[in-house]
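Asks: Got a structure for you, written out below as structure tokens; questions coming shortly.
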Amino acid sequence: MRLDQTYMNQKGLFWGFGGYPDFWVTKADGSVDYGTVQPEIKKGLSFIKTMLDEGLVNPEFITTDRETSQEDVVSGKVGMYYGAHWESPRASVDADPDARWAAVPLPTEDGGAITIPLTTGVEGGYVATANAEHPEALVKMMNVYVEALFGEEGDFNRYFTVEGIGAVWNYSPVSLLDPEIDVDGYREWKAAADANDFSNIGGSGKGFYEFNEQGLIEYGMMFGPQDSAFAFVDQTYPDSVMWNAYFGASTPTQVERGSSMSEYLNTTLASLVTGQLEMDSGFDQMVSEWRSMGGDLVIEEITELLNESESGE
């Protein structure tokens, strides 16, 4: 299995044990706590350590960067891989035309369905200053953008998915996205595949399908009619989702101490996996130290913000 120092490429292993690193969880009693310091994380760490001890992962994965780890994938040394669909598949098939890729659901400790942690997809907002001469221009620009990509006469594929000019949307002074665009693309592609007729495929599915036909197989892995990530999403969403308990701005303690707290956690997690620290006592010490460094204060601040939000203050 391929692991590297990129934390994203390991998080899914913890989800299978009910652990959610870098995520704010709601506990059974209704309180909010940080996922990285929950006991379920220790199960994921122990699993990674076992794989490391048995030689199932690169023993240098802690210090291996993304680019170097991709070389093992492309050269056929890796049989299972967790990460983004655009990273390696195409290069792997270019190197070995017989390579077969399929997206599969993450396994769980008890064999049940996986629960996926999600945070809102809202990345920001647009505002007009009080002294703007034409604040309505902002809304007009948004309307033009949405109509050009998603309206009845819109052409999403021209501005978003066509190779070579797919980044045109990036040059717009505003940018908005249909939250269903990916799953709709999968459904459109699947409907055409089920009918064995791709002549009238439309929407984002048309662009994704055409990309795949051009050899960009990562689009098939993501949006294809079978063995794809969105085939799983379509079957399980929203029942398989757990939403982040907090995704607001950093609290005062996070601003002041967040970097050192995160660095401490990441360093200690690596030491636990590599055996430099004993798993049980080392993990408990990590949790205690993180809380005293400011973790408990952050939880208090977040709880207060959530209470204020619920009360409408």
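The values are calculated or read from the model by the stated rules, or taken from the named source; none is laboratory data. As the structure is a computational prediction, the values presented were derived from the model and not from experiment. Cβ coordinates were reconstructed from backbone atoms using ideal geometry, including for glycine residues, and neighbour counts include every protein chain displayed. The area values use the complete protein model at the heavy-atom level, side chains included, leaving out ligands, DNA and RNA. Shrake-Rupley method; radii C 1.70, N 1.55, O 1.52, S 1.80 Å.
Asks: It is to be established whether one or more residues within the stretch 260-272 are open to solvent by 60 Å² or more (accessible area, probe 1.4 Å) and over 28 Å from Glu60 (Cα atoms).
Replies: No, every residue in the stretch 260-272 fails to be open to solvent by 60 Å² or more (accessible area, probe 1.4 Å) and over 28 Å from Glu60 (Cα atoms).
Asks: So in the stretch 227-251, with the set limited to residues that are aliphatic (A, V, I, L, M) and in contact (Cβ under 8 Å) with a residue 12 or more places away in the chain, which one is surrounded by the fewest Cβ atoms within 10 Å (Cβ to Cβ)?
Replies: Val241
Asks: Can you report the number of residues in the stretch 296-311 which are within 10 Å of Thr253 (Cβ to Cβ), open to solvent by less than 90 Å² (accessible area, probe 1.4 Å) and charged (D, E, K, R)?
Replies: 2
Asks: Hey, Asn196 hits all of (1) open to solvent by 30 Å² or more (accessible area, probe 1.4 Å); (2) within 24 Å of the chain's Cα centre (by Cα) but one; which does it fall short on?
Replies: (2)
Asks: Enumerate the helices (runs of 4 or more DSSP H) found wholly within the stretch 211-313, keeping only those where 2 or more residues are under 18 Å from the mean Cα position of the chain (by Cα).
Replies: On the way: elements: 218-223, 229-236, 252-273, 279-290, 296-311.
In the stretch 211-313, the matching helices (runs of 4 or more DSSP H) lie at 218-223, 229-236.
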